[in-house]
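Presented below is the structure to which this report refers.
Each reported figure results from applying straightforward, stated rules to the coordinates on display, with no laboratory input. Just so it is clear, the structure is predicted and the values come from calculations on it, not from any experiment. Counting neighbours? That spans all protein chains shown, and the Cβs are built from the backbone with ideal geometry, glycine included.
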Amino acid sequence: MTEPSLKPRKAAGSKATRRGEWILHLALAIAAAVMVAPFAWQLLTAFKTTGEASETPPTFWPAEPTADAFATFFDSVPVWSQFTVSVSALVLRVVGQLAVAALAGYAFARLRFPGRSILFGLFIAMLMVPSQLFLIGQFELIRDLELLDTIPALAIPGMFSAFGVFLMRQAFMSIPGAYEEAARLDGAGPLRTFWSVMLPMVRPTLGALAVLTSLYSWNDLLWPLIVSPRGDNRPLTVGLAGLQGQYGTDYPTLMAGALVASLPLIVIFLVLQRQFFNGIASSGLKG
Amino acid sequence: MTSESTAAARAAGPPARRRRRAGGLGPSPWWGYAMIAPAFIGLAALYLWPFLKTFTKSFMDTPAFGPGTWTGLDNYTELLGDGEFWQAFGNSAVYTAILLLGVPIAIVLAALVQQLSRGRAVYRVLYFLPVVTLPVAVSMVWRFIYNGDFGLLNWALSLVGIPGQYWVADATYAIYAIGVVGIWMSLGINLIILGAGLQSIPPELYEASSLDGAGRVRQFFRITLPLLSPSVFLVTVLTVISALQMFDLVFVMLRSVDNTALDDSKTIVYLFYEKAFVQFDQGYGAAIAIVLLGVIMIATALQFRLQRRWVFYD
């Protein structure tokens, strides 16, 4: 007797939750549509003619899809060389950041030396200062080293971040001490312990730091504007920002440029989502 | 050979290690110094020294060329009487307030996403897209949408009978228009932080309260919100800090040849950039930056004080 009465109730319950789930999906999909709409509009506009893009009421699909806007963008901005600059600066910054932060993070987490807490406190204090405060001094240092308008100038300040050191320290601190002890008993020196035992264990954090650093590097605008006064070795962000002055209302060209310049990082994000999310969840830091 | 030397090392090991441990764990302190050296040199040269430089420059009159002269608090007194600065300060405050309105939106969306049994990842990715898109590119797209003559927004508003505006070319609306973009851009990050917070709420609590007959809405206010409050606090603090430093959106959305709205819509950091790197008045720019630091510190300290009233730690 109990069995038949149980079954329908169960089915009804799951149907109700299923309906609830559909309502949820609907609400979230509407929000997602709002979030994605600007990208869709950008994509559609990039394939329109300038005339069509400024029609009222706006047309939805491009009447005669054309790639002219992309051609104009590639003609007026040295896309490939700026792309190379952006990528080179990114690689330099990420590699430097990982090396510097991992070494210091390990030392702060695992080694003992006089003054450790004071030095670490100094790093943490720098975390709280807004980055604009450093710009004047950083600019003067880069200028005095005669590095203005070079790729290293774009990458150097971002290689050193208190944030990276802090993140790596937290990662190393969560590893049980037994591993190091074992390595030491096997006769491994500190450098060797660091490199072959400890570093592989913090790979997820290294990944998270790498993707966050890439994000900041690729998107940076203010610093590249400051250190490339002559305009040599400018990254894609600066090129794109300059496009606006030239093509103020030629929206298809602007949209095409925006699309091309954002695409590499969006692709990286889609491939490495987990690292992005882990990096942000573990650090809670915004750009 | 190796086994012999390890054996020898082992034989010699214990006393040596014990001796070392008495002075500190593991290898000599020099290893520690050597490993933090690259980070420390970078920090000192690129952060500590520039910070001190900015600090001292804020008390100096600095011509574009040649050495500066000490002027004491002149830059600061000039700043206090400078209408342009107060306007920028006000704009940054308004922008920050608008971005804080995005926090409840993020909480609700994060809670909704958490309810899903499948498909969470898809929504997280879609909501996160603006975060990984170039701010410059984002600004361009929104400038187009906001365009007063043929923008998508005015068209959409015309459908429901609301008159269109020149959203980014009219100083009345510009900072609000930018604020909406700011919310749109930061939602993804906030969702990730809040999602991590939601993950740590034990599901038993919901099960127990369901048995007691509590509905979803009641659960949200009685369980989710209190237990999520530490994450909400983190999001709020980070939102305020980053909103007060906003630069890109103003630079790309408002700066054009004939946009007079820019003059009345500058933020603190935009004003700093203009003074220090366009007009090369570094002393005055430095004073603006130091004031910004003060504002951020006060805002953050204030939030830490207020958190006792609403953040729930178990």
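Using a Gaussian network model of chain A in which every pair of alpha carbons under 10 angstrom is joined by a spring, one finds that among A:Glu55, A:Glu180, A:Glu146 the greatest mean-square fluctuation is at A:Glu55.
Return the loop-located trypsin sites (Lys or Arg not before Pro) in the range B:115-179 (DSSP other than H, G, I, E, B) with at most 11 other Cβ atoms within 10 Å of their own Cβ; answer none if there are none.
B:Arg118
For chain A, modelled as a GNM whose springs connect Cα atoms under 10 angstrom apart, the maximal fluctuation among A:Pro114, A:Pro204, A:Pro65 occurs at A:Pro114.
If the chain linking B:Trp49 and B:Leu205 were pulled fully straight, counting 0.36 nm for each residue of separation and taking away their Cα-Cα distance, it would gain 51.0 nm. Legend: helices of chain A (whole DSSP H runs) are marked when their alpha-carbon atoms reach 18 angstrom or more along the helix axis and their mean Kyte-Doolittle hydropathy is at least 1.0; marked are A:79-110, A:116-128, A:251-271.
A:Thr59: net charge of surrounding residues, Cβ under 11 Å, Lys/Arg +1, Asp/Glu -1, itself excluded? Kindly include the intermediate steps, with their values, before the conclusion.
Details: positive: A:Lys48; negative: A:Glu52, A:Glu55, A:Glu64.
Within the 11 Å Cβ shell, the charges total -2.
Modelled spin labels at A:Val267 and B:Arg120, positioned 7 Å past Cα toward Cβ, are 3.0 nm from each other.
Could you state the number of Å between the C-alpha centres of the range A:80-105 and the range A:212-287? The range A:212-287 and the range A:80-105 have Cα centres spaced 15 Å from each other. If you run the Gaussian network model on chain A, springs between alpha carbon atoms under 10 Å, then out of A:Asp220, A:Asp149, A:Asp186 the most flexible one is A:Asp186. Residues within the reach of a label modelled at B:Asp149 (point 7 angstrom out along Cα to beta-carbon, backbone nitrogen below 18 Å), restricted to the range A:49-74, are A:49-59.
Lysine pairs in the protein assembly as shown with alpha-carbon atoms under 19 Å apart, 8 or more places apart or on different chains: how many are there? Don't skip to the end; give the middle numbers.
On the way: A:Lys7/A:Lys15; B:Lys53/B:Lys275; B:Lys57/B:Lys275; B:Lys266/B:Lys275.
Count of close lysine pairs: 4.
Dipole size of chain B about its Cα centre, with +1 on Lys/Arg Cβ and -1 on Asp/Glu Cβ: approximately 1880 debye, rounded to the nearest 20. Treating each Cα of the range A:163-287 as an identical point scatterer and summing with the Debye formula, the log10 of I(q)/I(0) at q = 0.19, 0.20 Å⁻¹ comes to -1.05, -1.10.
In the range B:185-309, taking the dipole from charged Cβ atoms about the Cα centre, the farthest positive-side position among B:Phe280, B:Gln219, B:Gly197 is held by B:Gln219.
A straight chain from A:Thr49 to A:Ser81 at 0.36 nm per residue would run longer than the Cα-Cα distance by 8.9 nm.
With Cα atoms as the point set, chain B shows a radius of gyration and Dmax of 26.8, 90 Å. Dividing the Cα radius of gyration of the protein assembly as shown by its Kirkwood radius returns 1.01 for Rg/Rh.
Between A:Thr17 and A:Ala178, the FRET efficiency estimated from the beta carbon spacing at R0 = 41 angstrom works out to 0.35. Separation of the range B:118-190 from the range B:221-291 is 18 Å, based on Cα centroids. The value of relative contact order for the range B:134-241, using C-alpha pairs under 8 Å at least six residues apart, is 17 percent.
Under the simplified labelling scheme, the B:Leu101-B:Thr300 pair shows an inter-label distance of 2.7 nm, with each label point 7 Å from Cα along Cα→Cβ.
Pull out a ≥ b ≥ c, the square roots of the eigenvalues of the alpha-carbon gyration tensor of chain A, then state rounded if a/c is under 1.5, prolate if not and a/b is larger than b/c, and oblate in the remaining case.
Details: a/c = 2.72, a/b = 1.10, b/c = 2.47.
Oblate, because a/c is 1.5 or more while a/b does not exceed b/c.
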